[in-house]
Structures are given as C-alpha cells and as structure tokens.
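Working notes, structure below.
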Amino acid sequence: MRVAIIGTGKVGSAIARGLRGRGHAIGLGARDPQAAEVVALASETDAMPMLPADAAEAADVIILALPWDAAEGAVRALGSLTGKTVIDCMNPLGMIDGALGLTVGHKTSGGEIVQGWLPQAHVVKTLNQVGAEIMARNDHFPLRPVMFMA
C-alpha cells in the first residue's frame with residue numbers, strides 16, 4: 001500500500017518507524033523535504049521525502065500527523081483527496097487561558113472538522129489516544145496498548 005504521512009514531528013516519525021519494513025511505500029510529507037531531519041528520517045524508514053501535496057496525491061492512505069493549529073491550512077493545501085482514506089491522528093488542543101485545552105468546544109470533534117475540510121475523503125479518527133513515545137516503542141508492555149477508531 002502507498003502511505004503518505006503528513007507531518008514529520010514526533011507522531012509522524014513514530015508512525016513512519018512503525019511502518020518501516022512492513023511492505024508499504026511511505027511518502028513523508030514535509031514543508032521542507034530536503035531538511036536534514038526529514039532526510040534522516042526518510043533514510044531510517046526507507047521512505048521518500050516529499051512535499052505534502054505530492055505525498056498525498058501518490059498515496060492510497062494519508063495519515064495526518066500535524067499540530068492542530070497548523071492543520072486546516074496544511075490539509076486544504078493537499079488538494080483533492082476524493083475517495084481516499086485519511087487517518088486523522090491529530091488532537092484539537094491548544095492553549096486556552098494559559099492552559100492546554102480543547103479548542104473546538106464540546107459540540108463537535110476534530111474528526112468531524114477534518115471531514116468537513118475533506119468532504120469527498122473517507123476520514124478515520126484514530127492513533128490519537130497515546131503519545132508518540134508509546135507509539136514508537138510499546139513492546140516492553142505486558143499488554144499491547146489499544147487504539148480506538150471512529
């Protein structure tokens with residue numbers, strides 16, 4: 001399967017490392033695909049560093065691993081994702097009155113908002129319940145962490 005990971009921070013990097021060696025062609029969508037840390041991650045994970053729109057266009061599945069405050073502009077810049085599966089692993093969190101809080105209120109969800117940005121895509125909300133550290137390495141736990149999907 002061709003997978004695009006949009007975002008190469010902690011979460012995107014953990015997902016890329018988790019997919020390494022599993023038979024998928026991975027495109028790493030980054031604002032600067034030639035940045036040293038992106039090139040290093042691509043080399044480590046046998047992925048291709050690309051601009052986000054190019055990675056999304058070439059992929060069967062797109063994974064969104066972006067900070068929420070950058071998400072709308074970045075997602076809209078991906079172009080048409082009609083019929084594609086989009087995995088949203090973002091959390092709509094930000095600083096509110098000096099504390100980390102839910103930026104979308106309690107009458108909608110981040111997944112619903114992403115679906116609104118991509119009305120022709122199939123958005124799946126998952127991979128947002130544990131931190132990147134647990135995604136990257138969880139083989140030392142007595143039981144595997146569970147991920148819910150919506």
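The values are calculated or read from the model by the stated rules, or taken from the named source; none is laboratory data. If you're wondering where the values come from, they're calculated on a predicted model, not measured in any experiment. Cβ: placed from backbone, ideal geometry, glycine included. Neighbour counts: every protein chain shown.
Can you say whether residue 84 is in contact with a Gly (Cβ under 8 Å, 6 or more places away or on another chain), charged (D, E, K, R) and surrounded by 14 or more Cβ atoms within 10 Å (Cβ to Cβ), as far as the supplied structure shows?
For residue 84, the condition - in contact with a Gly (Cβ under 8 Å, 6 or more places away or on another chain), charged (D, E, K, R) and surrounded by 14 or more Cβ atoms within 10 Å (Cβ to Cβ) - is not met.
Six or more apart or on different chains, Cβ atoms under 9 Å: show the pairs whose first residue is in the range 27-49 and farther than 15 Å from residue 65 by Cβ and whose second is at pLDDT below 95 and in a loop (DSSP other than H, G, I, E, B).
44/20; 46/20; 46/21
In this structure, is residue 74 exposed (fewer than 15 other Cβ atoms within 10 Å of the Cβ), more than 11 Å from the chain's Cα centre (by Cα) and not basic (Lys, Arg)?
Here the answer is no, as residue 74 does not meet what is asked.
Mind listing whichever residues of the range 87-109 are crowded, with 19+ Cβ neighbours inside 10 Å, at pLDDT 90 or above and of a type outside the set (A, V, I, L, M)? So that I can check it myself, show each step before the final result.
Of the range 87-109, the ones crowded, with 19+ Cβ neighbours inside 10 Å are 87-90, 92.
Cutting the leftovers down to at pLDDT 90 or above gives us 87-90.
Result: 88, 89.
Consider the range 85-141. How many of its residues are aliphatic (A, V, I, L, M), in contact with a strand residue (DSSP E or B) (Cβ under 9 Å, 6 or more places away or on another chain) and without any contact (Cβ under 8 Å) to a residue 12 or more places away in the chain?
Selection size over the range 85-141: 4.
How many residues are hydrophobic (A, V, I, L, M, F, W, C) and under 18 Å from the mean Cα position of the chain (by Cα) when one looks only at the range 77-111?
8
Looking at the range 39-54, can you tell me whether even one residue there is in contact with a helix residue (DSSP H, G or I) (Cβ under 8 Å, 6 or more places away or on another chain), farther than 18 Å from residue 2 by Cα and surrounded by fewer than 19 Cβ atoms within 10 Å (Cβ to Cβ)?
Among the residues of the range 39-54, not one is in contact with a helix residue (DSSP H, G or I) (Cβ under 8 Å, 6 or more places away or on another chain), farther than 18 Å from residue 2 by Cα and surrounded by fewer than 19 Cβ atoms within 10 Å (Cβ to Cβ), which makes the answer no.
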